[in-house]
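Scroll down for the structure; my scribbles are underneath it.
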Amino acid sequence: ILATQHLVDAAAFSVKSSEGALLPQLSASAGVSENYRNAIPDLSGSNGNSTSANIGATLTIPIYSGGRTSAIVRQNKESLSQARIEVDVSRDQVRQAVASAWTQY
């Protein structure tokens, strides 16, 4: 029974994972760079050293994938349903074996 319950857990994780492909994705990046020049400062007091920073974000929204992602989600949900049925079947088999052993005792 425990083995089939673990199959249900794995199938449920697969469903969640495949559903994640339908969600928007946000990524962010940041960076800092410094340039040093070994120079004598000019009249303004600048020696040519500079520091720059950048920040960026990207939002990716899945619009259409030919139905492939939705089909994978449906397939994983069917696998989850099948795994749940297998748990019920194995549970019934254990009950039947226990009842049979009890009546033979």
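The values are calculated or read from the model by the stated rules, or taken from the named source; none is laboratory data. What you see is a predicted model, and the numbers here were worked out from it, not measured in a lab. Using ideal geometry, Cβ is built from the backbone for each residue, glycine included, and neighbour counts are taken over all protein chains shown.
Let's see how each residue does on (1) outside any loop (DSSP other than H, G, I, E, B); (2) farther than 18 Å from Gly20 by Cβ; (3) more than 21 Å from the chain's Cα centre (by Cα); (4) at pLDDT 95 or above:
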residue	(1), (2), (3), (4)
Asn47	no, yes, yes, no
Thr51	yes, yes, yes, no
Gly56	yes, yes, yes, yes
Leu59	yes, no, no, yes
Ile63	no, no, no, no
Thr69	yes, no, no, no
Ile72	yes, no, no, yes
Val94	yes, yes, yes, no
Ala101	yes, yes, yes, no
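Hey, could you check the range 59-88 for residues that are of a type in the set (A, V, I, L, M), loosely packed, with under 12 Cβ neighbours inside 10 Å and in contact (Cβ under 8 Å) with a residue 24 or more places away in the chain and say which is farthest from Ala10 (Cα to Cα)?
Leu59
What about Leu43, is it part of a loop (DSSP other than H, G, I, E, B), of a type in the set (A, V, I, L, M), under 30 Å from Val87 (Cβ atoms) and at pLDDT below 95?
No: the conditions fail for Leu43.
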